[in-house]
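I have placed the structure first, in the form of structure tokens, so that the comments after it can refer back to it.
The values are calculated or read from the model by the stated rules, or taken from the named source; none is laboratory data. All figures in this text were calculated on a predicted structure; none of them were measured in a lab. Just so you know, the surface numbers come from the protein's heavy atoms only, side chains and all, with ligands and any DNA or RNA stripped out. Shrake-Rupley method; radii C 1.70, N 1.55, O 1.52, S 1.80 Å.
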Amino acid sequence: MVLTRDDMLRLALMSSENRAASALARAYPGGVTAFVREMNLKAIALDMLQTSFVDGTGLSSDNVSTAEDLVKMVRSAYQYSLIREFTTAPAHEVETMAGRNMQFRNSNGLVKNPAWEIGLSKTGYISEAGRCLVMQAMIAARPVVIVLLDSLGRQSRLGDANRIKKWLESHFGRKSLG
């Protein structure tokens, strides 16, 4: 399949399409090695001192980070309109060279929920880290970054996010946090 970089980035961010992420890393000037080096340099620039990357897909258990560092990454990524757009789109369709349309869906079902105002979202899964979710959302009229690591079940990260939202709204009201 041949896709544009735009489509590959969208699929990697929106639906956690690892083949697209891998292709982007391979096509980066200097290849995967340069891509991973740049990821690590960006992490250092963001003061993500407990983070280290070894691949561009996130599939290696040798990639490590902390919840605190992931908050820094989410806040930085939120500054990019393309990342916000791609990570919160509910779905995207691409056409193959054979003329067939393939539909991809966002791996975070909350982006379709009208009760949520999500500004950025990314899911992940490997057996060592479990099911993970990072997102920025407006809750009680304030931007909140949620980092959920090692959720138990397939849907529990979404349930946990809903419970966090409900708790924040009930304790801090819809107008202000703090």
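Brief remarks on what is shown
- Nearest-10 value in Å² for the accessible area of V64, using the 1.4 Å probe: 70 Å²
- Residue with peak Gaussian network fluctuation, the chain [Cα springs, cutoff 10 Å], from Q103, Q155, Q136: Q103
- Figure note: Y80, Y28 ranked by solvent-accessible area, largest first, 1.4 Å probe, ligands and nucleic acids not counted: Y80, Y28.
- Apportionment of accessible area to carbon and sulfur, the chain, percent (1.4 Å): 54 percent
- Protein-only accessible surface order, largest first, of F35, F104 at 1.4 Å: F35, F104
- Normalised convex hull volume, region 1-107, alpha-carbon set, Å³ per residue: 105 Å³
- Among S15, S156, S127, the residue with the largest mean-square fluctuation in a Gaussian network model of the chain, with springs joining Cα atoms closer than 10 Å, is S127.
- Listed residues L41, L120, L148, most fluctuating in the chain (Gaussian network, C-alpha, under 10 Å): L41
- Within the assembled protein chains, the solvent-accessible surface assigned to T66 is about 50 Å², based on a 1.4 Å probe.
- Area accessible to solvent at K42, 1.4 Å probe radius, in Å²: 90 Å²
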